[in-house]
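As structure tokens, the structure follows; a few thoughts come after it.
The values are calculated or read from the model by the stated rules, or taken from the named source; none is laboratory data. What you are looking at is a predicted structure, and each value in this text was computed from that prediction instead of being measured. Every residue, glycine among them, receives a Cβ derived from its backbone with ideal geometry; neighbour counts consider all protein chains shown. Quick note on the areas: whole protein, heavy atoms, side chains included, nothing else; ligands and nucleic acids left out. Shrake-Rupley method; radii C 1.70, N 1.55, O 1.52, S 1.80 Å.
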Amino acid sequence: MTDTRWRGGALIRPGILAFAGSIGATDTHAHHAAQVMAADTPLTVADEAGARHCGTAIVVPPDTAHRIATGAPTGAVVFLDPDTAAGRAAGHRAHRFGWAGGPHHCPHPPPSTTVSAPWSPTWSARWSRIPPPTHRTGTGR
């Protein structure tokens, strides 16, 4: 576990909470929001089963127990309402491609509990393949 502490600033808007600064470790918890994290150094997030997800980009699906085992001195965390297009896309991405992306390294994991990012070399390209939400304009049906 890292001794990085949470320190930074946050922005709250309907459907989103964004934090930028240092990302600290947490105890196991769950929340209704989809959680998207990006950092300059790899993060390690353990799921409820103990599997470790490591990378510079992590997406935790909504309503999923997890803990941040290794934080980062510099990063951003965005919590998305899962009932919004962005929240649905984040949850879909985590379920389809796995939680972790970007350069990753899980220090000292038991081999059977490490979840590697199969798409990490091209995470941004795969993320961009998620179709954009369909928006209706006007008042007509």
Point to revise | From the options Asp81, Asp47, Asp27, residue that is in contact with a helix residue (DSSP H, G or I) (Cβ under 7 Å, 6 or more places away or on another chain) and acidic (Asp, Glu) | key: Asp81
Check your understanding: Among the candidates His66, His29, His53, which residue alone is at pLDDT 95 or above and either basic (Lys, Arg) or within 11 Å of the chain's Cα centre (by Cα) (or both)?
Key -> His66
Point to revise | Which numbered condition Arg93 fails, given (1) basic (Lys, Arg); (2) open to solvent by less than 60 Å² (accessible area, probe 1.4 Å); (3) part of a loop (DSSP other than H, G, I, E, B) | key: (3)
Review point. Hey, Leu11 hits all of (1) under 20 Å from Gly102 (Cα atoms); (2) free of Cβ contacts under 8 Å to residues at least 24 places away in the same chain but one; which does it fall short on?
Key: (1)
